[in-house]
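*Asks:* Next up is a structure, given as structure tokens.
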Amino acid sequence: MASLKDLLAQRAALEQQIAETQERERSDAIAKVKTLMQEYGLSVADLSTRAAKTGATKASKVAAKYRNKATGETWSGRGLQPKWLKAAISGGAKLEDFVI
């Protein structure tokens, strides 16, 4: 069985190997990116503007389809029904009563 001192030495050696490997892989990745940027004539500015253009766009708001006339609360009809609508329907109202 290994002693605590031996295990700590092994851990230190592994941590050193991990750090060296991370640095080497990071350097390799940077070199690949630079090569691709040169090949396609890209700059850092191109990366940020293209990412913004092709990235996910914000979801637009959907128009409300149902309104609580008493409070002005609305619901688009998507997702779960809001509590105010559930309560009204369970109280005997119909969904059609809240159509805008």
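*Asks:* ILE100: net charge of surrounding residues, Cβ under 15 Å, Lys/Arg +1, Asp/Glu -1, itself excluded?
*Replies:* Value of the local net charge: +3.
*Asks:* OK, next. Going by a ≥ b ≥ c, the root eigenvalues of the Cα gyration tensor, does segment 4-54 fall in the rounded group (a/c under 1.5), the prolate group (a/b larger than b/c) or the oblate group?
*Replies:* Note, shape of segment 4-54 comes out prolate.
*Asks:* So what is the calculated 222 nm ellipticity per residue for the chain, using -39500 (n - 2.57) for each DSSP H run with n of 4 or more, over all residues, to the nearest 500 deg cm²/dmol?
*Replies:* -19000 deg cm²/dmol
*Asks:* How do 4-11, 63-70 rank on mean C-beta neighbours within 10 Å, highest first?
*Replies:* 63-70, 4-11
*Asks:* Please state the shape class of the chain: rounded when a/c is under 1.5, otherwise prolate if a/b exceeds b/c and oblate if not, all from the C-alpha gyration tensor.
*Replies:* Taking the square roots of the gyration eigenvalues as a ≥ b ≥ c, the chain is oblate.
*Asks:* Find out how many positive minus negative residues lie around SER76, taking Lys and Arg as positive, Asp and Glu as negative, among other residues whose Cβ is under 12 Å from that of SER76.
*Replies:* Spelling it out: positives minus negatives among the neighbours equals +3.
*Asks:* Straight-line reach only, C-alpha to C-alpha below 17 angstrom: list the aspartates and glutamates that LYS94 could link to, leaving out same-chain residues fewer than 8 apart.
*Replies:* GLU73
Readers should treat all values here as calculations from the given coordinates under stated rules, not as data from a laboratory. Treat the numbers as computed from the prediction; the structure is a model and nothing was measured. Here Cβ is always computed from backbone atoms with ideal geometry, including for glycine, and neighbour counts include all displayed protein chains.
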